[in-house]
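Everything on this sheet refers to the single structure shown next.
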Amino acid sequence: MAKTLIAYFSRADENYFGGAMRYVKVGNTEIVCNTIKELIEADTFRIEMKEPYSPVYMTCIDEAKADLRAKARPALVSLPASIDEYDTILLAYPNYWGTMPMAVFTFLEAFDFSGKTILPLCTNEGSGMGGSERDIKRTCPGAIVKSGLPITGSAAANAKGSVQRWLKTNGLL
């Protein structure tokens with residue numbers, strides 16, 4: 001039977017919402033992933049850095065930019081033992097400097113995604129998917145990378161309709 005994995009990176013703490021900073025207990029990407037979990041049967045895996053970025057937004061984006069420039073692959077708290085049982089991976093992340101957080105690259109490079117379908121979902125405040133779809137294709141040769149779903153982070157709690165249409169388009173609903 002086909003199985004789906006929702007692998008996601010999300011950041012709470014101080015976040016940017018359409019021009020203002022606000023503290024949140026649950027990150028926007030996690031909010032959208034929780035919506036997905038209400039709609040489909042899937043396992044979840046949270047991509048977490050061993051040494052998380054600062055809870056202060058401006059410091060966090062500086063740290064993320066430094067990691068991007070260095071092509072860093074931050075150590076993760078854990079990885080799934082295997083992804084062999086999954087044929088579809090919903091990969092969710094915020095847009096960090098036009099692509100995925102470097103921790104998502106760490107996750108992707110740990111596995112062979114050949115023959116698997118990857119559905120990217122990117123929360124952002126106006127920068128859309130950036131170059132993340134291209135970067136996933138480059139990082140996961142042999143995977144089928146479908147068109148991603150950009151979600152405005154500050155509207156994450158109201159994204160159910162968009163998520164439903166995207167899941168339906170991709171045969172998961």
* Asked: Considering only the chain, what is the antiparallel percent among its DSSP beta bridges, to the nearest 5?
  -> 25
* Structure fact -> Interchain or sequence-distant (5+) residues whose placed amide H lies within less than 5 Å of the amide H of residue 45 are 6, 7, 8
* Structure fact -> Across the alpha-carbon set of the chain, Rg over Rh with Rh taken as the Kirkwood radius works out to 0.93
* In square angstrom, what is the accessible area per residue of segment 24-163 with a 1.4 angstrom probe? -> 47
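Give me the number: length gained by fully extending residue 112 to residue 62, i.e. 0.36 nm times residue separation minus the C-alpha to C-alpha distance, one decimal in nm. List each step's numbers first, then the result.
Values: separation 50, 0.36 × 50 = 18.00 nm, distance 3.07 nm.
Taking 0.36 nm per residue and subtracting the Cα distance, the gain is 14.9 nm.
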* Can you grab the distance from the C-alpha centre of segment 43-91 to the C-alpha centre of segment 104-173, Å, no decimals? => 15
* Hits among lysines - C-alpha to C-alpha of residue 65 under 30 Å, sequence gap 8 or more where chains match -> 25, 50, 116, 137, 146
* To do: Using a 1.4 angstrom probe on heavy atoms only, work out the carbon and sulfur share of the accessible area of the chain in %.
  => 49
* Which aspartates and glutamates have a Cα lying under 20 Å from the Cα of residue 37, excluding residues fewer than 8 positions away in the same chain? -> 48, 85, 87
* Check each of the GluC sites (Glu not before Pro) in segment 70-131 and keep only those in coil by DSSP with at most 14 other C-beta atoms within 10 angstrom; list them in order. => 85
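Place the peptides 34-47, 71-84 in order of packing, highest mean first, counting for every residue the other Cβ atoms within 10 Å and averaging per peptide. Mind dumping the intermediate values first?
On the way: 34-47: 15.9, 71-84: 12.9.
Packing proxy ranking, top to bottom: 34-47, 71-84.
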* Between residue 164 and residue 14, what is the spin-label point distance in nm, taking each point 7 Å from the Cα along the Cα→C-beta axis? -> 3.8
* Listed residues 168, 3 arranged by accessible area, highest first, probe 1.4 Å -> 168, 3
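The values are calculated or read from the model by the stated rules, or taken from the named source; none is laboratory data. This one's a predicted model, so the numbers in the text were calculated from it and none came from an experiment. Ideal geometry is used to build each Cβ from the backbone, glycine not excepted, and the neighbour counts take in all protein chains shown. With ligands, DNA and RNA removed, areas are computed over all heavy atoms of the protein, side chains included. Shrake-Rupley method; radii C 1.70, N 1.55, O 1.52, S 1.80 Å.
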